[in-house]
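Novice: This is the structure I have questions about; it appears just below.
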Amino acid sequence: MAIDAVVSHTVFYVNDPANNNLLKPNVETSWQVNPHTVHYRITSEKNIVAKIKADIIFINATGLVREDHFSFHTVPSTNMAELMTHNIRELRRTFVDTGFIRMQFTLTDEDDSANKFTYTDTFTVAAPQDVAFLSGLQILDTVIESPANTIFLKNGHQQVPASTNFLDDTKKTLHYYAEIYGTDQVAKSNYPLVQKVSISKKQDDTQFGISTKTDTISPGKLVTVSGNMALNTLTSGNYYLNVSLENKTHAILASGNLFFQVMNLHPVEEKQETKKPKTPQIDTGMENITVVNLDKTFLAKYTINEVMAILKMLLPVSDAMQTQTINNFLKKPEDMYMRYYIYNYFKTLNPKDPGQAWKEYSEKIIEVNKRFSAHGTRGYETDRGFIFIRYGAPDDMITVENESGSLPYEVWLYNNLTQMNHKEITNAVFLFYRRNDLTDFKLLHSTVSGETQNPGWRSFLYLNGQGGNNGNSRAEQYLQK
């Protein structure tokens, strides 16, 4: 069994003593290890400890940026049962360059080198600015007022970051932290400056936030954004933490957001007298999370890479919010929460047997892979496969390989089609074309709103860039102006 761990990272900006104390990006990496998944040894002092080696590497387009290699151990104890209750947490801060960064993070059990945890991520680090700007946003697990000199000390507090953006049913409060830099550079005509923190269903939706806190701030080189917000009234689902800096006319000077998930099995109803009317919003796809033992579901046999592949298979049948959720998972995989998402998706299709719903859907994927896989790309990842999964088999499929003056193409016709917004349309047309023998057919144009619509499709399809040179062009017949 591999080391079970979660890891997060946040970009802050600190004074670099090696560069005249100018602000420089500093990545704060924190992680938590499941104490049941490492080996323990007995020391000469009769204490029980586990030792873990950490390797953190940051790479950009030109090569290695920074690397950090070190070992740490658990709190020594003489009682194994007590050790199992300890949280194994660590944090490291590393200066990095601006621009695109690839992070590679590895934990290795020093008593079993095959027992590892690996994590990779990519992100872009913005350069410090001469105007007000915001650090990354951070969710905190614990905040204690204490000046003790530990790795978690910040601004007179012990701030232990949450190493995951998932808050389960035991978490009824969201603790947050961020930093705003350069407010002293803001012209006084903008005063007073207002700091706003909100939780919303949509990204950057500060206007209609579910919960909002507003404070007037005093300008300075560094302004901290910290506090907490109650989660007990939120239903299970996907949310965004938003932070913004506004001037006196409510113009936004700096802003940022952080995606997170809540599992709340027993949300508390807001009191009627304090409840505010809310603007209807599109849900993000996990409003009703079902908590189950995933080891007993159809997902148990799949590896994390296979789980990520299943998420990609769901993209054709996902709306905009669900697509955003899946893309967030693909960017920053969280094994257990991805499995919950997939399980709940198929449970909505078949509440009594989600596994059967997945079996039926996977059969469609198998068919699509047989029909459309090409040049090393799985069928469900091709444009034709995507449309086939989303709308089903077309009523007519016309393949044109050798039309004079045009590239090879296919026209798909649907007599009746149901869009993702449940709107019914008739006589829908999709035009796919192949640029050369080494590429698959790409969607060039369609008559369906929400899909690719390219009024200039003729300039791509026809070699003369204008249109078919005779009345026999099938594309012209089906896609007349």
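Novice: Below 12 Å, Cα to Cα, which aspartates and glutamates can Lys53 reach? Residues fewer than 8 away in the same chain don't count.
Specialist: The qualifying aspartates and glutamates are Asp68, Glu90, Asp109, Glu110, Asp111, Asp112.
Novice: For Ile210, enumerate residues with amide H under 5 Å from its amide H, sequence gap 5+ or separate chain, H modeled in the peptide plane.
Specialist: Ile199, Ser200, Lys201
Novice: If the cut-off is a Cα-Cα distance under 13 Å, which aspartates and glutamates reach Lys370, setting aside same-chain residues fewer than 8 apart in sequence?
Specialist: Glu381
Novice: Taking a temperature of 10 °C and a viscosity of 1.306 mPa s, what whole-number D in µm²/s does Stokes-Einstein yield for the chain with Rh from Kirkwood over alpha carbon pairs? Each step should come with its number before you reach the end.
Specialist: Working: Rh = 26.2 Å.
Taking Rh from Cα pairs, D becomes 61 µm²/s.
Novice: Let me know the charge dipole size of the chain about its Cα centre in debye, to the nearest 20, where only the beta-carbon of Lys, Arg (+1) and Asp, Glu (-1) is charged. Don't skip to the answer; put the middle values down first.
Specialist: Values: 47 positive and 52 negative charges, 107 e Å.
My answer is approximately 520 debye.
Novice: Would you mind calculating the relative contact order of the chain from Cα pairs under 8 angstrom and at least 6 residues apart, reporting the percent as a whole number? Walk me through the intermediate numbers first.
Specialist: Working: 927 pairs, mean separation 38.6, N = 481.
This gives 8 percent for the chain.
Novice: Ok, one more. Keeping all protein chains in place, calculate the accessible area per residue for the chain (probe 1.4 angstrom), answer in Å². All intermediate terms of the calculation are to be shown ahead of the outcome.
Specialist: On the way: 24610 Å² over 481 residues.
Using a 1.4 Å probe on heavy atoms only, each residue of the chain averages 51 Å².
Novice: Work the Kirkwood hydrodynamic radius out for segment 328-400: mean of 1/r over every pair of different alpha-carbon atoms, inverted, in Å. Working shown, then result.
Specialist: Values: mean 1/r = 0.0711 Å⁻¹.
Computed over Cα pairs of segment 328-400, the Kirkwood hydrodynamic radius comes out at 14.1 Å.
Novice: What residues qualify as long-range amide H neighbours of Asn115, i.e. H under 5 Å apart, gap of 5 or more or another chain, H built at 1.01 Å from N?
Specialist: The list, which skips near neighbours in sequence, is Asp109.
Novice: Right, another one. Could you tell me which trypsin sites (Lys or Arg not before Pro) in segment 54-150 are loop residues by DSSP with no more than 16 other beta carbons within 10 angstrom of their beta carbon? Write down the numbers at each step before the final one.
Specialist: Numbers: sites: Arg66, Arg89, Arg92, Arg93, Arg102, Lys116; in loops: none.
Taking segment 54-150 and a limit of 16 other Cβ atoms within 10 Å, no loop trypsin sites (Lys or Arg not before Pro) are found.
Novice: Quick one: with all protein chains in place, what share of the accessible area of segment 367-481 is carbon or sulfur, to the nearest percent (1.4 Å probe)?
Specialist: Working: 2720 of 6250 Å².
Answer for segment 367-481: carbon and sulfur cover 43 percent of the accessible area.
Novice: Between Lys46 and Asp112, how many nm apart are label points set 7 Å from Cα along the C-beta direction?
Specialist: For the pair Lys46/Asp112, the computed spacing is 2.7 nm.
Novice: OK, next. For Gln185 and Ile366, what does the FRET efficiency come to when R0 = 60 Å and r is the distance between their Cβ atoms, rounded to the nearest 0.05? Provide the component values of the computation, followed by the final result.
Specialist: On the way: r = 59 Å, r/R0 = 0.98.
That pair, Gln185 with Ile366, gives E of 0.55.
Novice: Going through segment 310-419, which GluC sites (Glu not before Pro) have at most 13 other Cβ atoms within 10 Å and a DSSP loop state?
Specialist: Of the GluC sites (Glu not before Pro), the ones in loops of segment 310-419 whose Cβ has at most 13 other Cβ atoms within 10 Å are Glu401.
Novice: Based on the alpha carbon coordinates of segment 17-103, what radius of gyration and maximum Cα-Cα distance (Dmax) apply, in Å?
Specialist: 17.4, 50
Novice: As a check on your grasp of the helix formula, calculate [θ] at 222 nm for the chain: sum -39500 (n - 2.57) over DSSP H runs of n ≥ 4, divide by the residue count, round to the nearest 500.
Specialist: Values: 8 runs with 80 residues, N = 481.
It comes out at -5000 deg cm²/dmol, rounded to the nearest 500.
Novice: Same structure again: Counting only residues 5 or more places away or on other chains, whose amide H sits under 5 Å from the amide H of Leu444 once H atoms are built in the peptide plane?
Specialist: Under 5 Å from the amide H of Leu444: Leu431, Phe432, Tyr433.
Novice: Kindly state, to the nearest 0.05, the FRET efficiency for Asn464 paired with Ile398, given R0 = 25 Å and r defined as their beta-carbon distance.
Specialist: Working: r = 21 Å, r/R0 = 0.86.
After rounding to 0.05, the efficiency reads 0.70.
Novice: Filter Lys51/Lys301; Lys202/Lys312; Lys24/Lys51; Lys51/Lys171; Lys116/Lys331; Lys213/Lys248 down to the pairs with a C-alpha to C-alpha distance above 26 Å, please.
Specialist: Details: Lys51/Lys301 30 Å; Lys202/Lys312 22 Å; Lys24/Lys51 32 Å; Lys51/Lys171 29 Å; Lys116/Lys331 21 Å; Lys213/Lys248 16 Å.
Too far apart for the 26 Å limit: Lys51/Lys301; Lys24/Lys51; Lys51/Lys171.
The values are calculated or read from the model by the stated rules, or taken from the named source; none is laboratory data. Because the structure is a prediction, the values reported are computed rather than measured. Cβ coordinates were reconstructed from backbone atoms using ideal geometry, including for glycine residues, and neighbour counts include every protein chain displayed. The protein model used for the area step is the full one, side chains on, heavy atoms only, and it has no ligands, DNA or RNA in it. Shrake-Rupley method; radii C 1.70, N 1.55, O 1.52, S 1.80 Å.
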